[in-house]
Amino acid sequence: MVIVPIESVSKMLGHKNLRTTQHYAKILDRKVSDDMKVLRTKLMLKESNCTQKILASK
């Protein structure tokens, strides 16, 4: 993973104010967190279904 300072990212995106970049960074963090919750739920559901199939086949 490459770590780029937020100041550099801000300039690359053409933001005049660092707060703009920080705002979008917070939104992205929240989005990633929400997406991970959805993924975790789907994986738990899949695992539960697999367990039920194994138990049903015995």
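Only residues that are exposed (fewer than 10 other Cβ atoms within 10 Å of the Cβ) and of a type in the set (D, E, K, R) were counted in the stretch 38-56, giving 1. Residues of the stretch 9-24 that are assigned to a helix (DSSP H, G or I) and within 22 Å of the chain's Cα centre (by Cα): VAL9, SER10, ARG19, THR20, THR21, GLN22, HIS23, TYR24.
Against the definition (aliphatic (A, V, I, L, M) and over 16 Å from the mean Cα position of the chain (by Cα)), how does ILE27 come out, yes or no? The answer is no for ILE27.
Readers should treat all values here as calculations from the given coordinates under stated rules, not as data from a laboratory. None of these values were measured; they are calculated from a predicted model. Virtual Cβ from ideal backbone geometry, glycine too; neighbours counted across all protein chains shown.
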